[in-house]
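Notes for the one structure printed next.
The values are calculated or read from the model by the stated rules, or taken from the named source; none is laboratory data. All values derive from a computational prediction rather than experimental measurement. When we count neighbours, we look across all protein chains shown, and the Cβ atoms used for this are built from the backbone with ideal geometry, even at glycine.
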Amino acid sequence: MRSILIEPTENPKVMKFVADYNLIPGSLELDRTSDLSEIPLAQELFNYPFIERIFITANFIAVAKQDTVEWEFFTDSLKNIIEDQLIANPRIYRQKSKEAHPVFAEMTPNPMVMKFVSGKPLLEGFVEVKSREEAAEIPLAKAIFDEFEFAKEVFISDNFVAITKNVSVEWHEVMVPVRAFITEYLENGGKISNISPQKHSSPVESIINRDYTESEQKISDILNEYVAPAVEGDGGKISLIGYDEDTKTAKMLLQGACSGCPSSTATLKGGIENLLKKFVPDLVQNVEAVNG
């Protein structure tokens, strides 16, 4: 049984009908000129001629009426309609506007991070959200944080979303609902980000606001050609963030699945350091990691 609470608002023309779960990714605003053919709940509500508009977001439905009638005469009837419709269709969306957007879950070398790969591009570049407080301008990340308490960090890049969980759950327990949620969010046209993503070509510029030196550019070129594709395939990102010419030490920024990954240090020292020593021995003798 879907239980709905009736809540008055500061606007006497608007009443809220609140569910105990999220009804829709994003929001939906409807009036009598809207296409309601694939939204049975709205069709039923607009059968009342004094209803002017319907706004659906998060866990509530806000209904606006004309001044000619009082709420006390029909709120219970609207509540019953909404409860019946949510039993039939627990989630609300425009089915006709849905676009197939398959999402696949992939393990990463970091056991705390799962990668959810979209069949279509999400961003040209990447955004990284290290906490819930940073998610305000990244709607997809905010939706994930709002839906899943265990979500700790979100990294969105190109065609995938890498989610870092906390220790309260195991991925085999939550992987399926997370994949379903992201799929539904994308198929309903949910916005990815309100801010411009960082570019893969030179993310260090947005981090420390400077251009690469000639030596740094040589190191970065090798990373981009030989290392980045494999790392990004595992849901992470590695970038040159600093270089000490005196000690020949290259400092790498680890993001996404790479950040905090138990195997990242071994990979960095055993693989990337050896690779750079081979290709640019005059520039690099040591590699250090900086978690993003």
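Is it the case that region 75-87 has a residue that's of a type outside the set (D, E, K, R), touching a Lys or Arg at 6+ places or on another chain (Cβ under 7 Å) and not assigned by TED's automatic domain parsing to the domain that holds Ile54? No, the conditions are met nowhere in region 75-87.
Confirm whether Glu149 is outside the structural domain of Leu23 (by TED's automatic domain parsing) and under 11 Å from the mean Cα position of the chain (by Cα).
When the stated conditions are applied, Glu149 does not pass them.
Restricting the search to region 103-123, which residues are assigned to a loop (DSSP other than H, G, I, E, B) and at pLDDT below 85?
Matches in region 103-123: Thr108, Pro109, Asn110, Gly119.
Just one residue in the set Ala151, Ala162 is surrounded by 15 or more Cβ atoms within 10 Å (Cβ to Cβ), small (Gly, Ala, Ser) and within 21 Å of Tyr21 (Cα to Cα); that residue is Ala151. Scanning for something at pLDDT 75 or above and outside any strand (DSSP E or B), does region 253-270 turn up at least one residue? Within region 253-270, none of the residues are at pLDDT 75 or above and outside any strand (DSSP E or B). Scanning region 209-238 for residues that are at pLDDT below 75 and either touching a strand residue (DSSP E or B) at 6+ places or on another chain (Cβ under 7 Å) or within 20 Å of Glu153 (Cα to Cα) (or both) gives Val227, Ala228, Val231, Glu232, Gly233, Asp234, Gly235, Gly236, Lys237, Ile238. For region 93-109, the count of residues that are exposed (fewer than 13 other Cβ atoms within 10 Å of the Cβ), in contact with a helix residue (DSSP H, G or I) (Cβ under 9 Å, 6 or more places away or on another chain) and more than 24 Å from Ala42 (Cα to Cα) is at least one. Among the residues of region 58-80, the ones that are in contact (Cβ under 8 Å) with a residue 12 or more places away in the chain, closer than 14 Å to Pro12 by Cα and not in a helix (DSSP H, G or I) come to 8 in all.
Would you check if Phe55 is assigned by TED's automatic domain parsing to the domain that holds Thr75, assigned to a strand (DSSP E or B), closer than 16 Å to Asp76 by Cα and of a type in the set (Phe, Trp, Tyr)? Here the answer is no, as Phe55 does not meet what is asked.
Within region 158-177, the residues that satisfy the criterion of being more than 10 Å from the chain's Cα centre (by Cα) and more than 16 Å from Arg132 (Cβ to Cβ) are Asp158, Asn159, Val167, Val169, Glu170, Trp171, His172, Glu173, Val174, Met175, Val176, Pro177. Can you confirm whether Ile24 is within 27 Å of the chain's Cα centre (by Cα), over 30 Å from Phe160 (Cβ atoms) and either in the same structural domain as Glu147 (by TED's automatic domain parsing) or modelled with pLDDT under 85 (or both)? Taking the combined requirement at face value, the residue does not satisfy it. Taken together, the residues in region 151-161 that are under 16 Å from Gln198 (Cα atoms) and either of a type outside the set (S, T, N, Q) or not in a loop (DSSP other than H, G, I, E, B) (or both) amount to 7.
A quick yes/no check of all residues on (1) farther than 26 Å from Ile144 by Cβ; (2) β-branched (Val, Ile, Thr); (3) touching a helix residue (DSSP H, G or I) at 6+ places or on another chain (Cβ under 8 Å):
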residue	(1), (2), (3)
Ile6	yes, yes, yes
Thr9	yes, yes, no
Leu36	yes, no, yes
Ile51	yes, yes, yes
Phe60	no, no, no
Lys65	yes, no, yes
